[in-house]
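As structure tokens, the structure follows; a few thoughts come after it.
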Amino acid sequence: MITFNRPDGQSVDAYLAEPVNVRNAPGVVVLQEWWGLDDEVKAVANRLAEAGYRALVPDLYRGKLALEANEAEHLMNGLNFGDAASQDIRGAVQYLKATGSEKVAVTGFCMGGALTVLSACLVPECDGTIVWYGYPPLEYVDASAIKKPMLAHWALHDEFFSIAGVDQLEEKLRQAGVNYDFERYDAKHAFANPKSEQRNMPPLQYNPAAAQLAWQRTLDFLKKYIA
């Protein structure tokens with residue numbers, strides 16, 4: 001765990017995973033699902049570090065973790081998304097750049113995916129975004145502010161983030177001339193999380209084939225734009 005400062009000077013705790021060869025390694029800010037900074041999101045950071053990236057996971061819930069869906073919903077509803085994107089996430093990107101990473105991407109899952117979309121609009125230092133099955137209310141998406149490439153992974157059978165909303169978001173990005181790649185998978189929400197089905201929530205389902213394909217596309221995107 002490390003601590004970094006937001007643009008407004010407040011400090012944020014974060015989990016940092018680094019590759020063996022850390023010198024000049026590019027960075028990725030990883031954003032949690034609505035459960036909090038748990039072992040699953042740390043595992044994503046560790047996996048990115050193994051691939052050669054410095055991965056930083058800001059603790060958006062300030063030490064709180066949810067085990068049940070109602071707890072997670074309560075914590076998520078208490079989060080100021082605009083503040084999290086423009087302060088916590090921007091500060092995380094700035095930290096990685098100030099400590100040796102020339103380029104930094106932002107990626108996130110579920111709630112973190114929605115925050116990743118907002119970060120594309122609100123974090124000018126970000127060099128690219130990878131969204132995993134999550135988007136904010138579309139009225140908050142200023143597509144004209146998105147200047148860097150975006151890759152997004154969507155589940156066709158997502159009960160939390162409808163594919164119709166994905167189509168509307170895509171149209172906004174297309175009209176704004178954003179460099180984007182939207183990939184759709186025959187899967188349910190949280191298809192990339194191996195622990196999804198342990199949550200005892202039928203709308204969540206791990207899909208190993210979709211997860212592996214999305215991960216390879218993510219690595220290809222990072223190699224093209226961030227490495």
Check your understanding: In the stretch 47-102, how many residues are farther than 23 Å from LEU204 by Cβ and among the basic types (Lys, Arg)?
Key -> 4
Check your understanding: What residue, of ALA176, ALA211, is of a type in the set (Gly, Ala, Ser) and either farther than 19 Å from ILE130 by Cβ or under 18 Å from the mean Cα position of the chain (by Cα) (or both)?
Key -> ALA211
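Values quoted throughout were computed directly from the atomic coordinates according to the rules given, and no laboratory measurement underlies them. All figures in this text were calculated on a predicted structure; none of them were measured in a lab. Don't worry about glycine lacking a Cβ; one is built from the backbone with ideal geometry, like all the others, and counts go over all protein chains shown.
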